[in-house]
1. If each of MET41 and LYS149 carries a label point 7 Å out from its Cα toward its Cβ, how far apart are those two points in nm?
2. May I ask you to compute the full-extension gain from ILE234 to MET133, defined as 0.36 nm times their residue separation minus their alpha-carbon distance, rounded to one decimal in nm?
3. Give LYS69/LYS247; LYS56/LYS204; LYS56/LYS166; LYS174/LYS198; LYS167/LYS231 a once-over and call out the pairs whose C-alpha atoms are over 27 Å from each other.
4. Would you pull out the residues with amide H under 5 Å of VAL60's amide H, same chain only if 5 or more places away, H placed 1.01 Å from N?
5. What is the log10 of I(q)/I(0) for the chain, computed with the Debye formula using one identical point scatterer on each Cα and no solvent, at q = 0.07, 0.14, 0.15 Å⁻¹?
6. Check which residues have an amide H placed less than 5 Å from LYS174's amide H, if you skip close sequence neighbours.
7. Extending each Cα 7 Å along its Cβ direction at ALA160 and GLU253, get the distance between those two points in nm, one decimal.
8. Keeping all protein chains in position, work out how much accessible area LYS69 exposes to a 1.4 Å probe, and write it in Å² to the nearest 10.
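The values are calculated or read from the model by the stated rules, or taken from the named source; none is laboratory data. In this text the structure is predicted, and so the values were computed from the model without any measurement. No Cβ is skipped: glycine too gets one built from the backbone with ideal geometry, and neighbour counts run over all protein chains shown. We work out accessible area using only protein heavy atoms, side chains counted, and drop any ligands, DNA or RNA first. Shrake-Rupley method; radii C 1.70, N 1.55, O 1.52, S 1.80 Å.
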Amino acid sequence: MSKIKRNTLLYKTGVEYGDYTINHVLGCSHGCTYPCYAFMMARRFGRVKDYQDWLKPRLVENSIELLRKEIPRKQKSIKSVHLCFTTDPFMYGHPEVIEMSLEIIRLLDHYGIKCTALTKGVLPLELAKFDKMHEWGISLVSFDEGFRKQYEPFSADYPARLASIKKLNDLGCKTWVSMEPYPTPNIVQQDLKELLSKVSFTNKIIFGRLHYNKLVSAFPGYQGFYNDAVKTVIDFCNDFDIAYHIKARTFRENE
Ligand code: SF4
């Protein structure tokens, strides 16, 4: 795997449910085609040339060295650190990325800083050894393999993802599921309630619509579809005592 160096790694994020974040890889081999916002930004700002370039992850080799300096300096102002917003910390088929992510989590754990991680890979079992304040999550917007092959082509398959989060949940870890970007029925026909029922054990669900995809606006009454979906998620979470967060611009009144 190629390596790069950075000057800083720990920064405050403007993302709705994030505080600080660490992105210790440039690119992501999962190659999501919804499209992936991180890829669009990386291409726009010249960090990658094109999609093929994005698929070749580059590890920030001086990550631990940087974080050993940055974490103690910012420790007091950090509520939590999210891995990752512009790549995947447990990139499927890339043990170097997984090892580095675990090393970073070890460091955050050592400083008593809460870490939240999100993946379309498989959550490693080692995560159960860390403090139970952390939150381990998977991204799950479908259970349709055809959808995955088209929109998340090089990610872990859904049963593997689900089995990994369930295992950690059973071991007493806090878990969460990101159902974002949730697709409209003209992209994939599926039953949201059935999907939710597969993750009824989790502690938190994040739900959000799909953006930047013309198929969404081509679906007649798509806003009504998202409004109904939001109600379904909220009802489900209330029934199962699951915390939830609905992403901005997913629900719109009067539509
Ligand atoms: S896993 Fe996340 S960062 Fe990677 S390609 Fe998919 S959406 Fe982008």
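1. 3.2
2. 33.9 nm
3. The pairs that break the limit, which is 27 Å between Cα atoms, are LYS69/LYS247; LYS56/LYS204; LYS56/LYS166; LYS167/LYS231.
4. Residues meeting the amide H criterion: ILE4, VAL25, LEU26.
5. The Cα Debye sum returns log10 ratios of -0.23, -0.97, -1.12.
6. Long-range HN contacts for LYS174: TRP136.
7. Once both label points are built, they end up 4.6 nm from each other.
8. 120
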